[in-house]
Amino acid sequence: MSSLPEYPLSALLAPVTPEHFRAEIEGRAPLHIPAEGGSGDVRRALLDWDTFNGLLGQSAIWTHSTLQLVHSGNQLPAEHYCAEVQTMSGPVVRPSPAKVQVMMAMGATVIANDVGTLTPSLRAVCDTLRTTYAASVAANVYCSFKGVQGFGPHYDTHDVFAVQTEGEKVWRLYRNREPDPVDYPGEGEEVRRYLASACGPVMQEVRMRPGDVLYIPRGWYHDALAVDGPSLHVTLSVTPLYGRILFRLLESAAMQDPAFRAWLPPAAEDGGKPLARQLADLGQRLATLSASPAFAEEIAMTQQRLMGRASDYRLPERLSLTRYSPTGLMPPAVRGPAAVAMDWAMAQPRFVLEDMIAQFDFVPEDDLRAAVEAAVSAGALKSVSGP
């Protein structure tokens with residue numbers, strides 16, 4: 001039975017320790033980590049030319065959205081590098097290896113998006129970042145040639161770990177930073193002119209060599225240029241939840257309270273005093289709700305949904321299914337996200353534990369198994385046989 005390799009945060013950051021990085025660097029300033037000894041070898045092995053060529057050669061997995069070509073900051077239209085291919089399911093449009101290479105020879109940068117599950121090493125490092133930051137993590141590959149610049153000065157709405165795996169690339173870090181951006185101003189020439197004027201002077205120029213890592217906090221202006229031949233690097237984008245999620249979750253929770261369903265009085269009534277009193281009461285109710293343990297558990301479930309749960313294929317092993325049926329007795333109280341799954345389980349005439357684990361992938365598997373075992377011990381669930 002195969003298992004994923006481990007890729008701890010220490011391997012990505014060495015010789016910088018994760019403790020120092022998180023306490024002194026993270027979210028504060030960019031950091032260039034040159035390759036040193038074994039740590040550089042591990043990072044270089046994240047994606048080499050042979051592996052990347054092999055991925056690109058699996059033409060059936062690529063579309064215009066997942067394999068993009070950019071030239072001078074503009075994304076090339078699909079017709080410039082894609083072709084119609086006849087398949088058993090009918091005609092489909094896919095990137096053409098021949099056309100892609102012609103466009104690259106003309107100065108285009110190839111961007112392979114969402115590659116975080118395509119190799120064991122990429123998946124392992126993405127899983128590490130996902131669990132470390134309770135975040136959504138994406139891995140994109142950038143391939144370009146000497147003197148080619150895909151994008152001008154810009155910022156990202158997420159933290160970035162750029163890992164140079166082949167060739168070299170010069171990154172310019174500008175002095176200015178957008179404060180915790182969550183939206184991008186858009187595309188087009190007007191936006192590029194704005195970004196070029198807003199980035200400020202160059203603060204630092206970093207020459208990235210194989211095995212180097214560059215950390216860039218969200219909002220920090222930067223750009224990059226390949227030098228001295230072909231360049232290959234992997235960008236790991238980390239996007240945790242932020243405060244905006246509270247509005248959606250609080251709305252759902254608050255509407256369970258009749259006070260939030262009551263009409264608001266006219267603003268002109270009695271000089272606005274009734275409205276002010278009602279708004280103050282609602283504000284206090286929101287403050288109490290957001291500080292409650294139950295709301296913290298809702299945030300925890302939302303974070304877990306964002307991360308997802310890794311699940312590996314085990315073929316040719318066939319999954320053994322474990323079936324249960326409620327007995328009518330009350331199960332022990334369950335706290336945290338597992339309570340949602342147990343409420344579902346107790347409402348079924350019978351259920352399969354493995355299906356429950358698959359459905360509620362935002363709940364740690366160990367918590368689900370523990371909750372079911374506790375219910376069995378209390379006599380609230382019983383094992384059953386059959387299909």
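A few points about this structure:
- Taking every DSSP helix (H) stretch of at least 4 residues in the chain, weighting each as -39,500 (n - 2.57) and dividing the sum by the residue count yields a mean residue ellipticity at 222 nm of -10000 deg cm²/dmol.
- Shape category assigned to the chain from the gyration tensor of Cα positions, a/c cut at 1.5: oblate
- Distance between segment 203-237 and segment 280-314 - C-alpha centres, whole angstrom: 35
- By accessible area, using a 1.4 Å probe on protein heavy atoms only, segment 113-178 has 45% of its surface on carbon and sulfur.
- Student exercise, segment 123-227 dipole from Lys, Arg, Asp, Glu Cβ charges, in Debye to nearest 20: 300
- Extension gain, S10 to V340: 0.36 nm times the residue separation minus the Cα-Cα distance gives 115.3 nm.
- Rolling a 1.4 angstrom probe over the protein heavy atoms with all chains in place gives segment 232-306 an accessible area of 62 Å² per residue.
- Here segment 270-387 is treated with +1 on each Lys and Arg Cβ and -1 on each Asp and Glu Cβ, and its dipole about the Cα centre works out to around 220 debye.
- Cα-based helix-to-principal-axis angle, 293-307 vs the chain, degrees rounded to 10: 40
- Summed residue charge, Cβ within 13 Å of P265's Cβ, Lys/Arg positive, Asp/Glu negative: -1
- Helix 273-290 axis, angle to the chain major axis (alpha carbon atoms, nearest 10°): 80
- The charge dipole of the chain, taken about its Cα centre with unit charges on the Cβ atoms of Lys, Arg (+1), Asp and Glu (-1) only, comes to about 240 debye.
- Residue among A29, A112, Q68 farthest towards the positive dipole end of segment 1-151, charges placed on Cβ: Q68
- Segment 229-387 shape via C-alpha gyration tensor axes, a/c threshold 1.5: oblate
- Axis of helix 365-377 versus longest Cα principal axis of the chain: the two differ by about 20°, to the nearest ten degrees.
- Applying 0.36 nm per residue to the separation of R22 and S311 and subtracting their alpha-carbon distance, the gain on full extension is 101.2 nm.
- A 1.4 Å probe run over the protein chains yields, for segment 322-387, 53 Å² of accessible area per residue, whole-number rounding.
- Amide H contacts of D48 (H built 1.01 Å from N, under 5 Å, at least 5 apart or other chain): none
- Considering only L250, V42, G152, the residue lying farthest towards the positive end of the dipole of the chain is L250, judged by Cα position with unit charges set on Cβ.
- Counting heavy atoms of the protein chains alone, R314 has an accessible area of about 90 Å² for a 1.4 Å probe.
- Surface per residue (accessible, 1.4 Å probe) for segment 33-136, Å²: 49
- Heavy-atom accessible surface of segment 232-287: percent carbon and sulfur, 1.4 Å: 63
- When only Cα pairs below 8 angstrom with a gap of at least 6 residues are kept, segment 1-125 shows a relative contact order of 29 percent.
- Cα gyration tensor shape for segment 157-231, rounded if a/c is under 1.5, else prolate or oblate: prolate
- Apportionment of accessible area to carbon and sulfur, segment 303-373, percent (1.4 Å): 52
- With both labels modelled 7 Å from their Cα along Cα-to-Cβ, the A370 to V352 distance reads 2.6 nm.
The values are calculated or read from the model by the stated rules, or taken from the named source; none is laboratory data. These numbers come from a predicted model, not from an experiment. Don't worry about glycine lacking a Cβ; one is built from the backbone with ideal geometry, like all the others, and counts go over all protein chains shown. What goes into the accessible areas is simple: the full protein's heavy atoms, side chains included, and nothing from ligands, DNA or RNA. Shrake-Rupley method; radii C 1.70, N 1.55, O 1.52, S 1.80 Å.
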